[in-house]
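Asks: I have a structure here, written as structure tokens, and I will follow up with some questions on it.
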Amino acid sequence: MNTLIPIRPFNDFNNLDEFFGTLFGEHSRPSHTPQLTIPLDVIEDEGKITIKAAVPGINPDELEITIENNVLTIKGEHKTETVSETAKVFRRENTYGSFSRSLRLSAQLNQDAISATFKNGFVTITIPRVEEEKPKALRIPVQTEN
């Protein structure tokens, strides 16, 4: 008996994305939300976390970056370009609409020293780690009893 198993590659990608999002503490949103997502790189080096997000075609003034309850959120919108009624559209592959991406941050980050820069369609957010207090050695003098 031959049984056909449907192949749904996009469902597999969504499941994989959801798995890694859960693994790395990313906030998930309901699957019915019609929001776009943006790719992120998250790197730790030299005592700081760097988050680099691809936001091509977005004006940096239109980006909204917030932190609330240790959750960093990057929001924006790819606005639809209008086409005249007389134009013939042969292909439209660019996606338009709002996007949002959230990451849960470690409590050991110095959120007061966060910075963000924008260059060539990428926003780079840098958050230094809180420096741990190093234990101090306390020398206790030993007294002799008479």
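The values are calculated or read from the model by the stated rules, or taken from the named source; none is laboratory data. Worth saying up front: this structure is predicted, and the values here are computed from it rather than measured. Here the Cβ positions follow ideal geometry from the backbone for every residue, glycine too, while neighbour counts run over all protein chains shown.
Asks: Can you report the number of residues in the stretch 89-122 which are at pLDDT 90 or above and surrounded by fewer than 10 Cβ atoms within 10 Å (Cβ to Cβ)?
Replies: 2
Asks: Same structure again: How many residues does the stretch 123-136 hold that are modelled with pLDDT of 85 or more and not basic (Lys, Arg)?
Replies: Of the residues in that region, 7 qualify.
Asks: Can I ask one more? In the stretch 72-125, which residues are among the aliphatic types (A, V, I, L, M) and touching a residue at least 60 places away in the same chain (Cβ under 8 Å)?
Replies: 103, 109, 123, 125
Asks: Same structure again: Being touching a residue at least 24 places away in the same chain (Cβ under 8 Å) and either touching a Ser or Thr at 6+ places or on another chain (Cβ under 8 Å) or not hydroxyl-bearing (Ser, Thr, Tyr) (or both): is that true of residue 140 here?
Replies: Here the answer is no, as residue 140 does not meet what is asked.
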